[in-house]
Amino acid sequence: MDYSSIYNKRNLILLPAIAAFIIALIPTLKYQWPLGWDIIYHVQYAQVYAHNGFTLVTPLLNAPTGQKIGYPPLFHFLIAGIGTGLGVDFFQVARFLQPVMAASIVLSVSYVAYKFYGNLAGLGAGFLMLSSLLVGRMILALPENLALIFLPLAVYLYYRSLKDKNLKIALLGGILLILVIATHQAATLCLVLAITSITLMELVVYRNFKALGNFLSFFLVLIVIGIAGLVSLQIIAPQLLQTLLGQGISTITGMSTSLPVNRPLGIYSYLGNLGILVLIFSIIGAIAAVKRHHRKDNVILVWIIAMILLSNAYWFGVNVISYRVLIYLLIPLSILGGYGIHITCHQLKKYKRFSSKNVRTTFIVAILILSMLSAVLTVNDPDIAVFSAKNEFGSVQIAPPSDSEVDLANWFQENGNTSRSLVISNQFTGMFLASKAGMPMNYGFEFYSIKNYPNMTLSKVEEEGVGYLVYDKNLVFPSEDKWIYIRSVNSEFFPLYYFSQNITTHFDDIKPDYATKVYENEDFIVCRVDY
């Protein structure tokens, strides 16, 4: 690599994206299912949209009532559109989106770093993204990762609108804001917080009150869409509008506007997840930026500070899952780190011992190799493909689907009646069955699945439309009691239903009289209710 020619080769910023694509291909080709637990229910939402058109409720969960989807639809539309158009299984669409989305995120960050600080910074920022342990999250097919493609570009366009005093550029950034809003709630919060923080800096530091015009322009498209939507609701569905105004958006869409839990991180978790290379070069870049005190430097610094404060929002009494904010912090840190690499190369040039092109080229190549090596090690870790839910009795694997779960889904695809719902002791598996086999899941396992439940009759089961009882034979807790009974255990996302004795040997004591065993594999038993 000829260091002196980097400034004239914009195509070099494609290298980190190409590297990200290749790295993400490793687990994509290695595992037959898309990585992560979340993708299981996102695929289900995509299937609901494909079959029912746009809707706020999925009929496959909480049957027979249905459950609010609670997510913006753009990511699910993408999966549904590709899968339906090409005739490809939606899970496989999500699987092959992994390298595409990872490469797109890295390219977006590299491009923004290039526009801020030049080609070398763009090249460095992209590879610094790969050096972080968070690359394991970047390769997941998630709505959040789709939003991360747009987010840095939106921030850059807003900065350009301030720099060039051009409201049209802010308007373009606002269009990207709409895409982020249509994709992921947390990304929307992070983008709005970054834009607001940059605007406050303009007002306080530079006394640039014209920035309020840029701020308004950035949100203008959103304001127009919001007003048009409210007027349309007033004409078409005034009662729905009254509910929206009186009870909030969560009541209608199921989208959460706050978190019920708080999960902070210690300082060592920040260091470990962000990566040593990112921290070293972002510190170098920060020192140079503070000394230089240019507007673009302050934009990046304010962006970083805003994300740090958000990740520690519990200081102010606001619940936050700090780990989930780290990816939003990694983006501006990597951009600043790319600038740090740029500064380091300039400093090396000043010292005779290190001033030769070969030394600087070796330095850059070493950074790229270390970043690639870190990323390859991360994606080759077997734990990257395994997700578990913890509870008081240990942990339960929730992704990828086990062979028994796949066999169970195949049985339901061939034999299941989708006009009836199932109840299941392992609702994580139930989510997979809903997504893979299209079986509606009722949440009342403890009511319908045990013998002699008080006042439970076949007519009540029929009224709820429950047609199948599914038992996970692994959900047994240690007990010295001689009789068998059921216990609901909180397990992060769903309750799990454990029995006090071995399910197989005591099955006659568990199974209601109105149910008939019709299928069994290594881990599951299925009973059908005939009516």
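For segment 333-364, give me the residue count where each residue is in contact with a helix residue (DSSP H, G or I) (Cβ under 7 Å, 6 or more places away or on another chain) and free of Cβ contacts under 8 Å to residues at least 40 places away in the same chain. Counting residues in segment 333-364 that are in contact with a helix residue (DSSP H, G or I) (Cβ under 7 Å, 6 or more places away or on another chain) and free of Cβ contacts under 8 Å to residues at least 40 places away in the same chain gives 6. The set of residues from segment 32-54 being open to solvent by 30 Å² or more (accessible area, probe 1.4 Å) and in contact with a Pro (Cβ under 9 Å, 6 or more places away or on another chain) comprises Q32, W33, D38, N52, F54.
Within the option set L60, L134, being farther than 21 Å from V180 by Cα and modelled with pLDDT of 95 or more holds for one residue only, L60. For segment 266-297, the set of residues classified as under 28 Å from the mean Cα position of the chain (by Cα), surrounded by fewer than 19 Cβ atoms within 10 Å (Cβ to Cβ) and not β-branched (V, I, T) consists of G266, Y268, S269, Y270, L271, G272, L279, listed by residue number. Run T378 past the list (1) touching a Gly at 6+ places or on another chain (Cβ under 6 Å); (2) at pLDDT below 95 and report the number of the one that doesn't hold. Single failed check for T378: (2). Scanning segment 193-223 for residues that are touching a residue at least 60 places away in the same chain (Cβ under 8 Å), farther than 19 Å from P152 by Cα and of a type in the set (A, V, I, L, M) returns a single hit, V205.
Sub-6 Å Cβ pairs linking a first residue in segment 379-407 that is closer than 24 Å to S132 by Cβ to a second residue that is open to solvent by 30 Å² or more (accessible area, probe 1.4 Å) and in a strand (DSSP E or B), at least 6 apart or interchain, are S388/S395; S388/Q397; A399/F387, ordered by first then second residue. Of all the residues in segment 428-449, those that are in a loop (DSSP other than H, G, I, E, B), touching a residue at least 24 places away in the same chain (Cβ under 8 Å) and on the phi < 0 side of the Ramachandran plot number 5. Considered as a group, the residues in segment 509-520 that are among the hydroxyl-bearing types (S, T, Y) and free of Cβ contacts under 8 Å to residues at least 60 places away in the same chain include one that is least open to solvent (accessible area, probe 1.4 Å), and that residue is Y514.
Scanning segment 55-70 for residues being open to solvent by 50 Å² or more (accessible area, probe 1.4 Å) and not in a loop (DSSP other than H, G, I, E, B) gives a total of 3. Return a yes/no flag: does segment 14-23 have any residue that is open to solvent by 20 Å² or more (accessible area, probe 1.4 Å), outside any helix (DSSP H, G or I) and modelled with pLDDT of 95 or more. No, segment 14-23 contains no residue that is open to solvent by 20 Å² or more (accessible area, probe 1.4 Å), outside any helix (DSSP H, G or I) and modelled with pLDDT of 95 or more. Would you confirm whether any residue within segment 475-484 is in contact (Cβ under 8 Å) with a residue 60 or more places away in the chain, part of a strand (DSSP E or B), surrounded by 15 or more Cβ atoms within 10 Å (Cβ to Cβ) and under 33 Å from the mean Cα position of the chain (by Cα)? No: zero hits. From the list Y156, Y49, the one residue that fits, being more than 28 Å from T344 (Cα to Cα) and modelled with pLDDT of 95 or more, is Y49.
With Q92, Q67 as the choices, which residue is touching a Leu at 6+ places or on another chain (Cβ under 8 Å) and not β-branched (V, I, T)? Give the steps one after another, and end with the answer.
On the way: Q92 fails: touching a Leu at 6+ places or on another chain (Cβ under 8 Å).
Within the list Q92, Q67, the selection yields Q67.
One residue stands out among those in segment 71-80 that are touching a residue at least 60 places away in the same chain (Cβ under 8 Å) and open to solvent by 10 Å² or more (accessible area, probe 1.4 Å): the one that is farthest from F493 (Cα to Cα), which is L78. Only helices (runs of 4 or more DSSP H) whose full extent lies in segment 107-217 are considered here, and the ones with at least 2 residues that are more than 30 Å from T378 (Cβ to Cβ) and either charged (D, E, K, R) or open to solvent by less than 40 Å² (accessible area, probe 1.4 Å) (or both) are 143-164, 167-181, 185-204.
Mind listing just one residue for me: the one in segment 374-413 that is outside any helix (DSSP H, G or I) and farther than 16 Å from Q427 by Cβ and, of those, most open to solvent (accessible area, probe 1.4 Å)?
Pass one, segment 374-413, residues outside any helix (DSSP H, G or I): 381, 386-402.
Remaining after also requiring farther than 16 Å from Q427 by Cβ: 381, 386, 392, 394, 400.
On the way: D381: 65, V386: 65, E392: 121, G394: 34, P400: 38 Å².
Filtering segment 374-413 for residues that are outside any helix (DSSP H, G or I) and farther than 16 Å from Q427 by Cβ, the one most open to solvent (accessible area, probe 1.4 Å) comes out as E392.
Scanning segment 485-508 for residues that are charged (D, E, K, R) and either surrounded by 15 or more Cβ atoms within 10 Å (Cβ to Cβ) or under 17 Å from N442 (Cα atoms) (or both) returns R487, E492. For residues in segment 313-335 being among the aliphatic types (A, V, I, L, M), assigned to a helix (DSSP H, G or I) and in contact with a Lys or Arg (Cβ under 9 Å, 6 or more places away or on another chain), which is nearest to F116 (Cα to Cα)? Here the residue is I327.
Filtering segment 482-508 down to residues that are under 22 Å from E522 (Cβ atoms) and among the small types (G, A, S), which residue is modelled with the highest pLDDT? Result: S500.
The values are calculated or read from the model by the stated rules, or taken from the named source; none is laboratory data. Bear in mind that the values here come from a model prediction, so they are computed numbers and not experimental data. Every residue, glycine as well, gets a Cβ built from its backbone with ideal geometry; the counts of neighbours run over all protein chains shown. Calculation scope for accessible area: heavy atoms of the full protein, side chains included, ligands and nucleic acids excluded. Shrake-Rupley method; radii C 1.70, N 1.55, O 1.52, S 1.80 Å.
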